[in-house]
Structure formats: C-alpha cells, structure tokens
Amino acid sequence: MATQAKRRRVSCGDRRRHTPLRRAWPLPRPRRRPARGCAPCRGSFAALHIPSPNPGLSSARARARAAVFSAPSELFRAGQRHCACLSQVAGLADSEDPAPVAGFLSWCRRVGLELSPKVAVSRQGTVAGYGMVARESVQPGELLFAVPRAALLSQHTCSISGLLERERGALQSQSGWVPLLLALLHELQAPASPWSPYFALWPELGRLEHPMFWPEEERRRLLQGTGVPEAVEKDLASIRSEYYSIVLPFMEAHPDLFSPRVRSLELYRQLVALVMAYSFQEPLEEEEDEKEPNSPLMVPAADVLNHLANHNANLEYSPNCLRMVATQPIPKGHEIFNTYGQMANWQLIHMYGFAEPYPDNTDDTADIQMVTVREAALQGTKVEAERLLLYERWDFLCKLEMVGEEGAFVIGWEEVLTEEELATTLKVLCMPAEEFREFKDQDGWGDDKREEDSLTITNIPKLKASWRQLLRDSVLLTLQTYATDLKTEQDLLSNKEVYATLSWREQQALQVRYGQKMILHQLLELTN
C-alpha cells in the first residue's frame, strides 16, 4: 500500500516546521534550518549543467520528498520491468529545445521510469527553469509518473557503491550526507556516467541562488532578523569541517576515482546546496519516529516539479516505486506542482533560494527567540531578588525541556506550532512566586491545563493580562531585530514600479521579512 508523509507535531527539540520529508543539514540550533554554499565553481563541471535562462529562478525547484535504494546492478539492466503500466512516455512541450529533455526522456525509458502521456517536461509555462506541465487535463488521483526504486541515485546505486559500503564507518558524519555527496562527486566527473542525461536537467551549480552564495554583507543586510544569516554561517563552518576532516582525505586516498578537479571545497558546498534543494528523503513510519532519518537520495523526474503551498500533486511511496499522483484537477497547459513540505518562507529561501509572494504561503511562520521572552520578562523586574527568581524560573523551564538558549517559539497564521512550550513558558514566568514554588516542587506535574490557558491563535485575546503583556513585549523586541519596519516593507510592495527595480534577491528577502512581520503584527493586535 502506498504511504504518504504524515504531519509531525513540532516539539521543543524540533523546530523544523513539521517537514518530515526534507533532510536539511544537521540543525545547529532548534528551528533554524541550514543552508550551504559559497562562491560558484567555474571549473569544467559547469559544462555538465544546462544554464538556466533565468538564473535567479533556477534554484526554486528543489524537492522535499524521499526514496529508498536498490542494488546498483539492477539500475540499467536491459528489459527492466516497469512498476507502472503506462502506454507511452511524455513528449516535449511545443517549441521546446529538444536536446537535454529528449536525452532525459530516453534515459527514463531505459531505466523503467515512465511518465504519463498527459505531462511534459518543459521550461515553458513554468515558474522556474525546468518544470512539468499538463499536456491534457488531469483529474485528481491520476498517476503522473512512477519512479522504480532501482532508478534512484544514492550511495547504494552509484558506480562506487561497494567502496562506499566498505568504508561506511569512516564516512560517518553529523550530516549523514557524505556517502551521497561522494557518489555525486564521482559520477559528475566520470566520462561515461550512466547518470549524465539526468544531470543535464540540473541547474548550473554556479547559478544556485541560496543565501549561502550571497556575499555576507548582502545576506546580513537583506535577511537581518529572519534568522537565516546566523544559520548559514553555522552551516558553512560545519560543511568546511566535514570536507577537510572526512571528504578530502577519502578522495585523496582514492585518486583513481576522484580527479583533482573535484577536490574542491567550493564544489562540495555547491553539491551540498544541490542535495539540500533537490534530494528526497523517505519518511519514517510512526513507530520508527525516534530513529535517525533516512539518508537523502536523488529522485529523477520527481525533482523536476516546482513547489507551491497549494500544490496539485503529491508523492506516494509503495514497495516497488514512488508515484506522483494528482491531488487536484490540473487544466491543460497548467504547471504541476509538488510540495516540499509545510514550509515557511525563511525555509524556502534558505534551502531553495526563493520565497512565495505574500500572502500565498499559508504555511509561513515567524519566530520569537526563547531568550527574547526571557529578556522581555527581565524588563519587568525591579530589584535583584526578582531577577534572581526569574532566572530560577528559566532554569526550571530548561529542566522541563521547554526552552533553550538557541530555541525559538514558532508562530503561524492560524496556530502556534510550539503551543505547549510557549504556554508553559508564559505560565511559569508569570505565575506568583508561591505558586511557582509549589509548581517546581511537583516538577511541573499536577496542574491541569485549563481551557482559558490554551494558546491557540483565536484564544490569545482571552489569556491572562500578564501573559498577553509578556507575549506582546516579546513581539516588540523581536520586531526590533529587523533593519526596517512594516510600513517600509508595505510601501515597497505596494509600489509595483519600485518593486520591479529590486533585484531578485531583494524581492525574495522582502517577501520573507514582510510575511514574518505581518504574523508578528497580528500577534500585537491579539495581545492589545
């Protein structure tokens, strides 16, 4: 039976915005998802990638879904059985440049990956680079394409899978991505790599638009207050450490498999960005939720689809293949969109280099750093004894694992994703001293949750006055971390002529900032 991804509840230790299908770089702190990259690599590998006519849009195509692996010998076996019985492979869109797409479709036929005749891979009629469009009207439930598990690119299906398996212990890392990245490094430089037709649809590595590729000054100026610059810096440090401690020594130990031209930190950063943007990850079953996430894999055809929160297709998982199925009626000529998960705009720009324009992203969120709530509470203390008691309350919240120095409370348009953590924090910081002593003696137990203390968006105006005031003060402090105010952003967005003069990066960063500020201002109104 096919399985679909299930939405996860965000807990104190997981600020990844319930996106179980994406595997980002190991999170350096709760909630802030990392990014990768550096200066573009202009080596010979640029020739392997087809430049996008709009490089600013080329990275808006990454994926948030997953797959599993099979033996490498099965991948290109002649006469491989298909896991879906579709009568013909999709053709090109009208007037489409046939070279890379035709080569990719021919490769699909060889590996048993069949597309419905109702869809086409195209640059025309898509929001970014290559995408998939409907050649005929598609109804909900129709199969768009099916990818055999043998057609997935991973450390288990690449040409050096045996070596990677034997050296598995030496390749362990915090990210868990090293084997796949080494597989890509090898296949990209292999003259006769069977994956070359698939690589032809990838964006040029030097044109990826993740914030990790932006100059540091530009990144900080445009994304100040969003949390992205801090995450990028931590990720770049982690990538550098992983490259020099694990990846480079491995490549130098196998010079026959990795030529000097691929022994490059810049190229490694770019491939990390590509994996972050294009790879998929099969979700764990509910009973496996405590296990380490599955390793990322590359899923041909599925990674062609662009993202939209209001998507019209969804990837399903079955024992033999991965199936992309329509979830809404798709008129002829319309683009087919997958979802990369319920992702806020800061996550989209961080991992993919784009943001959905306001107000399209119904999954957008804003963060209130946990230490900001502590700072707001400290503002209300008048004497040293009160400050000491507040720190005692904070330490107790840390003991309960409700807060952390690098954690954040996550607020959406219609819900508080970290409701339990925020409600408990407001309660503990605002309760009378005697009540806190009793609460602490019971280790936080024995206090039934009351309906009036529920921290749903609609219930916020009904909270105790002290709770609302602390929440409001925390929002005001958060708004001070941005370089501009809401009115400045509104003026830019409302003036189409001025907005059109902004660069791609300026436009995307503006959408991120504006969406977060609108959510925070909604909180201000609710706590007034």
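A few remarks follow.
- Carbon plus sulfur fraction of accessible area for the stretch 460-528, probe 1.4 Å, in percent: 51 percent
- Candidate lysines - alpha carbon under 24 Å from LYS332, same-chain residues fewer than 8 apart omitted: LYS118
- Extension gain from GLU406 to ARG240, taking 0.36 nm per residue of separation minus the Cα-Cα distance: 57.6 nm
- Rough spin-label spacing in nm, given labels placed 7 Å along Cα→Cβ, for THR327 and GLN379: 3.9 nm
- Over the Cα atoms of the stretch 229-308, the radius of gyration divided by the Kirkwood radius equals 1.04; this is the Rg/Rh ratio.
- Net length gained if the chain between SER318 and GLU216 were fully extended (0.36 nm per residue, minus Cα distance): 32.4 nm
- Whole-Hz Karplus values for the stretch 321-332 come out as 7, 10, 10, 8, 10, 5, 10, 9, x, 10, x, 4 Hz, taken residue by residue from phi with 6.51 cos²θ - 1.76 cosθ + 1.60 and θ = phi - 60°; glycine and proline positions read x.
- Here LEU426 sits with roughly 0 square angstrom of accessible surface, probe radius 1.4 Å.
- Placing a pseudo-label 7 Å from each Cα along the Cα-to-Cβ vector at SER494 and GLU434 gives an inter-label distance of 5.3 nm.
- Cut-off 13 Å between beta-carbons: net charge of the residues surrounding PRO197, Lys and Arg +1, Asp and Glu -1: +1
- Protein accessible area in the stretch 162-280, 1.4 Å probe - carbon and sulfur %: 50 percent
- Listed by chain and number, the lysines whose alpha-carbon sits under 25 Å from that of LYS291, ignoring those within fewer than 8 places in the same chain, are LYS6, LYS234, LYS399.
- Estimated FRET transfer efficiency when R0 is 35 angstrom, pair THR456-ARG168 (beta carbons, to 0.05): 0.15
- The stretch 169-291 - accessible surface per residue (Å², probe 1.4 Å): 37 Å²
- Extension gain (nm, one decimal) between SER106 and ASP443, 0.36 nm per residue minus Cα-Cα: 115.0 nm
- The stretch 139-284: C-alpha gyration tensor shape, a/c 1.5 cut-off, then a/b vs b/c: oblate
The values are calculated or read from the model by the stated rules, or taken from the named source; none is laboratory data. As the structure is a prediction and not an experimental result, all values here were calculated from the model. We place every Cβ from the backbone using ideal geometry, glycine too, and count neighbours over all the protein chains shown. Areas reflect the complete protein model, heavy atoms only, side chains present, ligands, DNA and RNA absent. Shrake-Rupley method; radii C 1.70, N 1.55, O 1.52, S 1.80 Å.
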